[in-house]
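So the structure is just underneath, and the comments pick up after that.
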Amino acid sequence: MTECIFCKIVAGEIPSHTVYSDETVTAFRDINPVAPTHILIIPNKHIEAVSDLPEEDEQLMGHLFTVAQKLAEEEGIAESGYRLIINNGPDANQVVFHLHLHLIGGRKMKYPMG
Ligand code: 5GP
Ligand code: ZN
């Protein structure tokens, strides 16, 4: 039994507002959104962080980005712009240790953060 909350979301064991899923990737709305659009795009397989990314999963990472691109179009933020964030490790405040790409948009953001 995994204790990983995002693995449980992929398995459907805990509820989420899923907006996309396929054989390798799942995307769902962040429970604590920081902008009108805040979606987390994750690999279905458990990879803890970018630091742990196996070289053979390069393509999977690329897939996270093309899914982000499609979801941005669906959300109507492809033209207005959006931010893609991956937090890695303690200084970046990574809280959930299942690699995830934040897709954030729908409002003007500050540079570089906020
Ligand atoms: P991190 O800081 O690790 O990059 O971000 C983790 C994100 O996961 C946070 O934005 C947090 O709101 C979100 N999150 C944590 N637990 C859950 C959950 O159970 N469901 C959903 N949908 N999002 C979660
Ligand atoms: Zn996991």
(request) Enumerate the whole-percent occupancy of each 5 Å bin, from 0 to the last occupied one, for all C-alpha pair distances of the chain. (result) 2, 11, 23, 25, 22, 13, 5, 1, 0
(request) Only Lys, Arg, Asp and Glu count, each charged at its Cβ (+1, +1, -1, -1), so figure out the dipole size of the chain about its Cα centre, rounded to 20 debye. (result) 640 debye
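Between Ser80 and Thr2, how high is the FRET efficiency from 1/(1 + (r/R0)^6) when r is the Cβ-Cβ distance and R₀ = 35 Å? Nearest 0.05.
Numbers: r = 37 Å, r/R0 = 1.06.
Step by step, r from the Cβ atoms, then E = 0.40.
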(request) Using only Cα atoms, tell me the angle between helix 58-75 and the longest principal axis of the chain; keep it within 0 to 90° and round to the nearest 10. (result) 40 degrees
(message) Give me the 1.4 Å probe accessible area per residue for the stretch 5-105, excluding ligands and nucleic acids, in Å².
(response) 56 Å²
(request) Enumerate the amide H contacts of Val25 below 5 Å, restricted to partners 5 or more residues apart or on another chain; note that Pro and chain-start residues carry no placed amide H. (result) Asn44
(request) May I ask you to give the percent of accessible area on the chain that is carbon plus sulfur, with a probe radius of 1.4 Å? (result) 53 percent
(message) Which one, Phe65, Gly76, Asn87, is farthest towards the positive end of the dipole of the stretch 5-105 when Lys and Arg carry +1 and Asp and Glu -1 on their Cβ?
(response) Gly76
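Cβ neighbours within 10 Å, averaged per peptide: list 18-29, 74-85, 98-109 in order, most packed at the top.
98-109, 18-29, 74-85
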(request) Could you work out how far the C-alpha centroid of the stretch 45-72 sits from that of the stretch 1-42, in angstrom? (result) 14 Å
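The values are calculated or read from the model by the stated rules, or taken from the named source; none is laboratory data. Everything numeric in this text was worked out from a predicted model, so none of it was measured. Here Cβ is always computed from backbone atoms with ideal geometry, including for glycine, and neighbour counts include all displayed protein chains. Just the protein is used for accessible areas: all its heavy atoms, side chains included, with ligands, DNA and RNA removed. Shrake-Rupley method; radii C 1.70, N 1.55, O 1.52, S 1.80 Å.
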